[in-house]
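Report on the following structure.
Just so you know, all these numbers are worked out from the coordinates, no wet-lab data involved. From a predicted model like this one, the values you see are computed outputs, not experimental measurements. We place every Cβ from the backbone using ideal geometry, glycine too, and count neighbours over all the protein chains shown.
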Amino acid sequence: MLEKIIFASALLGCASSALAASNRPDGYVTICKSGETCSVSSSTNVAFGASDQFVYKILSGSFSCSVATFGSDPIPSKSNKECSIPKSASGTGGGSSSSAQSSGGSLTVNTSAGNGSVSLSWSNPSNINALEVYQDTDSDPAGRVRIASLSAGTTSYTATGLTNGSTYYFWVKYRLTDGVWYSSNAASGKPSGSSSGGGDSGSITGATCTANGSVSVSSTIRVSSGTYDGGCKVFTATSALGDGSQAEGQKPVFIVENGATLKNVILGSNGADGIHFYGSGTIDNIRWTNVGEDAMTVKESGTINIKNISAFAGSDKFFQVNAASTITISNCVVDSMGKFLRQNGGTTFKIGVSVDKCQISNMSEGIFRTDSSISTAKITNSSLKNAGDICIGKWASCTSSGITNY
Ligand code: ADA
Ligand code: CA
Ligand code: CA
């Protein structure tokens, strides 16, 4: 890390302000300052603050750039703050320096649809030096969203978290050694579910967002009250929050404070420390593309309501519970983690967990784990596949009913 900082300083030379605290998040542009009225065309994630401290709110139309509009003051010591918006709220290309050439090219993508997923495969021309994968809900490349950047030798990719019964279109965009970007054909796939009978598990869908633009998050987005609607954008942590590894101490992408609701969010490929709850809160229609250190954490006591979520590719814990709480989870699809829920190791406060209508697969350890002999857990009307032990540890009560093993 130190090397990188020194290298960056050398490159930037006397432009030292580039390394100083900024009045707008990375990738944002200022549209007005404290006390001024500004306006945005349609639901836009507006940042308010200064010196690397921001609060965010989705706004549309005209608004006053003020604490009153945003509900809290991210940095009371600064009277001059700025309102800023993402540089490229929409458009194609997802951040690449040049747009793709006409479709066709010499790379053909084949697809094979699965349950909530579509697998892509292709062969590469020999003189390739960069690869990206794009997804959309129609075959027009305008509006497609980048879902992966791959190393140049890669020849396959699986898009996950998709809605069964919907058709998706994919492209592989690739750069040859002449420095020019080309695009593959638009390859389509329609995922479908093997909803096996039994229980009352027919309505498990998980999250239903289709990616609708992207947001790069370099300081935690704090939802202090009301509802934050992410508009199905892909929120990806920058290294300022962490790298999504198993290192402790990474920052969350979102904080949900007492009484607040977070909805319609896709967490991108760097999930850092996910979502933290401080007190009671609700999350609805959230997808973790690639769970980071963990996906979510209860930091302060409350009643937590979680619904319509999907999460993939964790390493250890999905849900970390660090404070006494009552937790309800319904309609979830969670695949490939160590465990679904862990009360913080060694703690003996009480948690009460109810999970209903969830599809849980490939847990290397199991579903519920605690060291507290007064905590309770139950799972009902759910589908399990290679999900390990349902109850691990001292639970006062831990039950399951309406379970289908598929
Ligand atoms: C581990 C760690 C705890 C806490 C937790 C978390 O369990 O031992 O101290 O950091 O992870 O919240 O991710
Ligand atoms: Ca941890
Ligand atoms: Ca954590």
Exercise. Suppose every K and R has +1 on its Cβ and every D and E has -1 on its Cβ; what is the size of the dipole of region 227-293 about the Cα centre, in Debye to the nearest 20?
Worked result: 200
For this session: Please report, in debye to the nearest 20, how large the charge dipole of the chain is about its Cα centre when each Lys and Arg carries +1 at its beta carbon and each Asp and Glu carries -1 there.
Result: 260
For this session: Taking H placed 1.01 Å from N in the peptide plane, check which residues at least 5 places from Q359 or on another chain put their amide H under 5 Å from its amide H.
Result: C332, V333, V334, S383
Problem set entry | Most mobile of G143, G268, G244 in a GNM of the chain (Cα contacts under 10 Å) | G143
Problem set entry | Amide hydrogen neighbours beyond the local backbone of L176, cut-off 5 Å, H modeled | N129, Y182
Problem set entry | Tensor-based shape of the chain (alpha-carbon gyration tensor, a/c under 1.5 rounded, otherwise prolate or oblate) | oblate
Exercise. Could you give the radius of gyration (one decimal) and Dmax (whole number) of the Cα atoms in region 275-387, in Å?
Worked result: 12.5, 34
Seminar exercise, completed: Among N127, N258, N322, the residue with the largest mean-square fluctuation in a Gaussian network model of the chain built from Cα contacts under 10 Å is N127
For this session: Estimate the FRET efficiency between S149 and S60 by the formula 1/(1 + (r/R0)^6), using the beta-carbon distance for r and 30 Å for R0, to the nearest 0.05.
Result: 0.45
Problem set entry | Estimated [θ] at 222 nm from DSSP helical runs (n ≥ 4, -39500 (n - 2.57)) normalised by residues in the chain, nearest 500 | -1000 deg cm²/dmol
Exercise. Can you list the residues, at least 5 places off or on another chain, whose amide H is less than 5 Å from the amide H of V217, using H built in the peptide plane?
Worked result: T236, A237, T238
Seminar exercise, completed: Residue by residue through region 352-367, the couplings from Karplus 6.51 cos²θ - 1.76 cosθ + 1.60 with θ = phi - 60°, in Hz, x for Gly and Pro, are x, 10, 10, 10, 9, 6, 10, 10, 10, 9, 6, 9, 5, 10, x, 9
For this session: Go through region 306-316 residue by residue and turn each phi into a ³J(HN,Hα) via Karplus (6.51, -1.76, 1.60, θ = phi - 60°); whole Hz please, and just put x for glycine and proline.
Result: 10, 9, 6, 10, 9, 8, 9, 6, x, 10, 10
Seminar exercise, completed: A correct Karplus calculation of ³J(HN,Hα) over region 389-404, with 6.51 cos²θ - 1.76 cosθ + 1.60, θ = phi - 60°, whole Hz and x for Gly and Pro, returns 7, 6, 10, 10, x, 8, 1, 5, 8, 8, 10, 9, 8, x, 9, 10
